[in-house]
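Beneath this line is the structure, given in structure tokens, with notes to follow.
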Ligand code: SAM
């Protein structure tokens with residue numbers, strides 16, 4: 001693997017950069033695979049697959065080798081998210097400032113697809129509202145799929161340009177900008193990225209990063225936090241942006257306590273002494289990454305936004321729902337077309353405000369729709385962390401679970417007729433309807449496994 005000469009030269013003098021061992025680690029071809037377990041789904045991962053903990057994340061684990069995730073039913077149950085280890089540092093960075101369940105916090109993940117940081121945030125702060133936004137439509141669809149599998153009801157997925165947030169002045173407590181970047185941090189994992197790298201592209205990316213940040217910083221509340229991160233090693237996309245955030249956006253830099261033995265490099269920017277945290281693959285088990293935290297210390301006014309009213313279910317629908325939802329907490333139900341969705345009561349006015357300006361792809365969890373008096377349950381509910389009442393369950397072994405996930409035909413002995421939750425190792429994969437002579441498979445066809 002030959003790294004561009006101009007790239008190596010551009011890093012001379014950058015704190016933590018050691019040319020020899022940096023180049024050597026890119027030559028080894030070693031691949032690090034890591035997963036972050038879903039703390040609200042309690043999956044049991046076979047201990048012999050694991051290769052130690054990611055030190056800066058309470059649910060992060062390294063794997064001995066990269067298995068076929070596609071053929072693991074637990075992956076489809078949202079029991080874990082395959083996430084690069086360095087980026088899991090977001091948990092430590094935020095937790096060192098805000099502990100607890102995040103009750104009432106409004107968090108925006110602006111550049112969210114495919115969903116690594118958003119799913120981390122949704123589980124880290126289960127009582128916060130997570131607005132997970134992606135500008136590119138096809139990537140927003142992947143984000144919806146991953147958010148659905150993660151199943152946290154506190155997520156709203158939007159598909160908007162950062163500019164569309166301009167009316168949300170002072171709205172968010174935390175904004176995460178995991179910015180599109182020149183991608184040098186991924187060279188070891190994705191050697192194709194090397195051919196895309198150029199000094200010109202670094203400049204282009206840094207200008208785009210400033211544009212994105214200029215649009216979104218005004219959306220921070222007074223005392224709100226901005227987390228800025230990239231997977232680039234270039235100063236122009238990291239410390240120089242940190243300088244710009246302090247000098248032009250008037251934010252204050254926040255430092256993060258880190259353990260020495262993690263080998264994360266703390267940097268201090270040239271002009272404004274802003275703290276940043278660099279991850280080098282030759283120093284730790286993870287890919288290249290940069291993260292910095294800032295605080296809005298100035299007074300910010302809040303825009304008053306028009307509230308869009310949400311359609312309420314009918315009285316008979318609410319009565320029909322009651323036996324299924326008896327132990328749902330903080331529940332608010334609204335309708336989208338004919339489907340009924342669960343959303344957190346605490347954030348209803350925020351959802352109404354978001355709906356007035358943004359394209360909402362998914363808010364909360366779809367429970368299902370009524371056909372006459374019968375509830376047709378939804379896949380979103382099945383894979384969510386919301387309680388599962390009202391229907392029987394079928395437990396499948398691994399081969400039959402794969403068959404289910406392929407949307408194939410299978411049979412089970414002694415299943416109750418009617419709707420059933422389909423479970424693998426206790427976790428719900430989806431729904432089937434058992435009829436006297438066959439089983440109808442309701443796994444979403446667009447997400448079915450195609451691989452043999
Ligand atoms: N945060 C994600 C995660 O952890 O899974 C990864 C985000 S990736 C580094 C950057 C994202 O920014 C991409 O999904 C990309 O489509 C999006 N993006 C590209 N151009 C953008 C722009 N002009 N404004 C906002 N986001 C943009």
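Every number in this text was worked out from the coordinates using simple rules, so none of it is lab data. The model shown is predicted, which means the values in this text are computed figures rather than measured ones. Note that each Cβ is placed from the backbone with ideal geometry, even for glycine, and that neighbours are counted across all protein chains shown.
Take segment 104-145, drop everything but the C-alpha atoms, weight them equally and run the Debye formula without solvent; then report log10 I(q)/I(0) at 0.15 Å⁻¹ to two decimals. With no solvent term, the Cα-only Debye profile gives -0.31. Contact order, relative form, for the chain: 14 percent (alpha carbon pairs under 8 Å, 6 or more residues apart, mean separation divided by residue count).
Using the Cβ-Cβ distance between residue 270 and residue 82 with R0 set to 41 Å, the FRET efficiency works out to roughly 0.70. Take the alpha carbon gyration tensor of segment 277-349, find the square roots of its eigenvalues, order them as a ≥ b ≥ c, and report rounded if a/c is under 1.5; if not, report prolate when a/b exceeds b/c, else oblate. Since a/c reaches 1.5 but b/c is at least a/b, the shape of segment 277-349 is classed as oblate.
Considering segment 1-49 at the alpha-carbon level, its Rg and Dmax are found to be 17.8, 47 Å.
Extending 7 Å from Cα along the Cβ direction at residue 447 and again at residue 161 yields two label points whose distance is 3.1 nm.
Stokes-Einstein, applied to the Kirkwood radius of segment 60-115 over Cα pairs at a viscosity of 1.567 mPa s and 4 °C, places its translational diffusion at 93 µm² s⁻¹.
Nearest 0.05, what FRET efficiency do residue 204 and residue 440 give at R0 = 60 Å with Cβ-Cβ as r? In this case the efficiency is close to 0.75. Please work out, to two decimal places, the log10 of the ratio I(q)/I(0) at q = 0.14, 0.19 Å⁻¹ from a Debye calculation in which every Cα of segment 304-429 carries one identical scatterer. Rounded to two decimals, the profile gives -0.70, -1.08.
The residues 243, 190, 167, when put in order of fewest to most other Cβ atoms within 10 Å, stand as 190, 167, 243. Cβ crowding within 10 Å, taken as a proxy for footprinting-reagent exposure, orders 150, 244, 447 from fewest neighbours to most as 447, 244, 150.
Between residue 311 and residue 409, the simple spin-label model (points 7 angstrom out along Cα→Cβ) gives 3.7 nm. Extension gain for the segment residue 44 to residue 189, taken as residue separation times 0.36 nm less the Cα-Cα distance, is 49.5 nm to one decimal. Considering only beta bridges that DSSP places wholly inside the chain, some 70 percent are antiparallel. A Förster distance of 41 Å, applied to the separation of the beta-carbon atoms of residue 326 and residue 356, puts the FRET efficiency at 0.80.
Subtracting the Cα-Cα distance of residue 376 and residue 211 from their residue separation scaled by 0.36 nm leaves 54.9 nm.
Between residue 319 and residue 397, the simple spin-label model (points 7 angstrom out along Cα→Cβ) gives 4.6 nm. Report the paramagnetic label zone for residue 21: residues of segment 286-308 whose backbone N is under 20 Å from a point 7 Å from Cα along the Cα-to-Cβ axis. Only 286-291 pass the distance filter. For the Cα atoms of the chain, what angle does the longest principal axis make with the long axis of helix 199-216, in degrees from 0 to 90, nearest 10? Around 60 degrees separate the two axes. Is the shape of the chain best called rounded, prolate or oblate, per the rule: a/c under 1.5 gives rounded, else a/b larger than b/c gives prolate, else oblate, with a ≥ b ≥ c the square roots of the Cα gyration tensor eigenvalues? Since a/c reaches 1.5 but b/c is at least a/b, the shape of the chain is classed as oblate. For segment 409-450, backbone nitrogen atoms closer than 17 Å to the point 7 Å from residue 68 Cα along Cα-to-C-beta are found at 448-450. Per-residue ellipticity at 222 nm computed for the chain from its helices equals -7000 deg cm²/dmol, with DSSP H segments shorter than 4 residues left out and the rest contributing -39,500 (n - 2.57).
As a proxy for reagent exposure, ranking 413, 369, 298 by other Cβ atoms within 10 Å from fewest up yields 413, 298, 369. Once Rh for segment 1-89 is found with the Kirkwood sum over Cα pairs, what is the Stokes-Einstein diffusion coefficient at 37 °C and 0.692 mPa s, in µm²/s? Using the Kirkwood radius from Cα pairs, D works out to 215 µm²/s.
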